[in-house]
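One structure is given here, and the rest of the page talks about it.
The values are calculated or read from the model by the stated rules, or taken from the named source; none is laboratory data. These figures come from a predicted structure and were not determined experimentally. Every residue, glycine as well, gets a Cβ built from its backbone with ideal geometry; the counts of neighbours run over all protein chains shown.
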Amino acid sequence: MRANFEASKNLNITSVTSFTETDLVHAYDGDWADSIFWHDNHGFDPAVEGWFYEFYDKNERNRANLTQEIRLSLSSVILGGFIHNILKRCP
């Protein structure tokens, strides 16, 4: 959100605010292989072992991102500040 306020002919105040929140699920096969690979390269046989080798991994995350900028413009001089806050949660 952007807001401009003209306080006088030479003084302008600008505020820029942004907020995002993201929920992320990252899931994948962590070993990048299948049963044929494990059998051919390492002799792993699910029929002998009694179980299938799987390396499934899943990460759930939440990220909130807030920024705030404020600028004071007086004729040709600009003075401002910026703040950025990130909050990450990995349950």
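Brief remarks on what is shown
- Residue in region 40-57 that is at pLDDT below 90, of a type outside the set (Asp, Glu) and under 30 Å from Asp23 (Cβ atoms) present: yes
- Take the conditions (1) within 30 Å of Cys90 (Cα to Cα); (2) without any contact (Cβ under 8 Å) to a residue 24 or more places away in the chain; (3) surrounded by 11 or more Cβ atoms within 10 Å (Cβ to Cβ); Tyr28 misses just one of them, which is (2).
- Of the set (1) free of Cβ contacts under 8 Å to residues at least 12 places away in the same chain; (2) outside any helix (DSSP H, G or I), all apply to Phe37 but (2).
- Residues of region 65-78 satisfying the condition of being over 30 Å from the mean Cα position of the chain (by Cα) and within 16 Å of Phe5 (Cβ to Cβ): Leu72, Ser73, Leu74, Ile78
- Failed item, numbered, when Leu11 is tested on (1) touching a residue at least 60 places away in the same chain (Cβ under 8 Å); (2) surrounded by 12 or more Cβ atoms within 10 Å (Cβ to Cβ); (3) over 30 Å from Asn85 (Cα atoms): (3)
- Single residue of region 43-84 satisfying the filter (farther than 22 Å from Ala27 by Cβ and among the aromatic types (Phe, Trp, Tyr)) that is surrounded by the fewest Cβ atoms within 10 Å (Cβ to Cβ): Phe82
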